[in-house]
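J.: Have a look at this one.
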């Protein structure tokens with residue numbers, strides 16, 4: 001096949017019908033996943049803590065480069081896709097980080113007020129491991145936002161609209177976490193709901209700085225409290241059964257989901273209120 005034929009075939013993707021747009025993004029997701037799998041393999045060749053940094057760095061670099069390649073093949077500019085640094089990028093990121101950081105304290109405060117529990121430090125907590133985990137989150141969070149809230153969102157939204165695009169990406173974002181060993185509930189409910197927060201924030205702010213800040217802060221909150229190897233955990237004031245402890249953690253999860261749903265509603269209202277649907281649909 002000649003180069004001109006290949007170019008002509010790729011040109012079909014430049015102005016695709018909705019199905020072709022989805023097919024292109026689906027292909028993009030597969031390539032990104034292969035890159036991440038390769039990154040995980042490369043990182044495993046190094047000892048800890050280098051392997052933790054390696055996975056994030058290799059994955060971020062590979063995902064970013066393939067995204068730039070797809071943008072070029074689409075005959076789009078990086079600026080039109082929102083892939084650029086601006087004077088307001090850092091302030092927007094910090095705004096998102098502040099908003100995301102508020103979620104965990106609110107959840108914990110509600111649980112402390114409604115259940116006979118206390119927040120205590122974990123005896124086996126490892127501050128060095130926490131710092132390593134926090135730093136390694138930065139490139140992976142950025143890569144996920146580039147993949148899901150930049151290229152995928154910008155490519156699908158013109159053909160499927162804001163709301164359908166958000167649901168598609170939220171579903172795939174949940175599947176993506178399911179592949180990495182998350183439980184069905186955490187991946188397909190929790191992660192998918194958060195995807196809507198990230199995605200709608202990206203739509204509202206016209207970029208991924210705010211959504212990246214929220215995403216990073218939420219992940220930090222999860223490794224601070226509740227996840228394995230966290231620094232703090234919720235414990236009953238009096239002795240309790242394992243089932244009761246599971247009940248407390250389930251309650252915290254439900255409260256968290258409720259807060260996320262309220263956040264989603266606020267974002268939807270803000271988008272509708274500003275009457276930007278025609279402008280950004």
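J.: Considering only C-alpha atoms, what is the centroid distance from segment 46-84 to segment 95-152, in Å?
T.: 23
J.: Using a basic spin-label model with each label point 7 Å from the Cα along Cα→Cβ, how many nm lie between residue 76 and residue 48?
T.: The answer from the label model is 3.9 nm.
J.: What order, most packed first, do the peptides 185-192, 167-174 have when packing is the mean number of other Cβ atoms within 10 Å of each residue?
T.: The most tightly packed comes first, giving 167-174, 185-192.
J.: Please give the calculated 222 nm ellipticity per residue for the chain, where each DSSP H segment of at least 4 residues contributes -39500 (n - 2.57) and the sum is spread over every residue; nearest 500 deg cm²/dmol?
T.: For the chain, the value works out to -24000 deg cm²/dmol.
J.: Between residue 87 and residue 237, what FRET efficiency follows from the Cβ-Cβ distance if R0 is 51 Å, with the result rounded to 0.05?
T.: Result of the calculation: an efficiency of 0.55.
J.: On a 0 to 90° scale, report how tilted helix 50-73 is relative to the longest principal axis of the chain, with both axes built from alpha carbons and the result rounded to the nearest 10.
T.: Compared with the principal axis, the helix lies near 30 degrees.
J.: Please tell me the relative contact order of segment 85-280 in percent, rounded to the nearest whole number, where contacts are Cα pairs under 8 Å and at least six residues apart.
T.: 38
J.: Hey, another quick one. Could you tell me what fraction of 2.2 N^0.38 Å the Cα radius of gyration of segment 26-121 comes to, as a two-decimal ratio?
T.: So the Cα radius of gyration is 1.58 times the expected 2.2 N^0.38 Å.
J.: Between the helical axis of 242-273 and the dominant principal axis of the chain, each derived from Cα atoms, what acute angle in degrees is found, rounded to the nearest 10?
T.: Compared with the principal axis, the helix lies near 40 degrees.
J.: With a 10 Å Cβ neighbour count serving as the proxy for reagent exposure, in which order, fewest first, do 253, 121, 87 appear?
T.: Placing the least packed residue first, the sequence is 87, 121, 253.
J.: For segment 85-280, how big is Rg over Rh, using alpha carbon atoms and the Kirkwood form of Rh?
T.: 0.99
J.: Note the angle between two axes, namely the Cα long axis of helix 3-12 and the longest principal axis of the Cα atoms of the chain, as a number of degrees from 0 to 90, rounded to the nearest 10.
T.: 60
J.: Still on this model: Under a crude label model (7 Å from the Cα following the beta-carbon direction), how far is residue 115 from residue 34 in nanometres?
T.: According to this spin-label approximation, the distance is 4.4 nm.
J.: Still on this structure: With r defined as the distance between the Cβ atoms of residue 273 and residue 135 and R0 fixed at 41 Å, what FRET efficiency is calculated, to the nearest 0.05?
T.: Efficiency at R0 = 41 Å is approximately 0.60.
We did not get these values from a lab; they are worked out from the coordinates using the rules stated. Worth saying up front: this structure is predicted, and the values here are computed from it rather than measured. Counting neighbours? That spans all protein chains shown, and the Cβs are built from the backbone with ideal geometry, glycine included.
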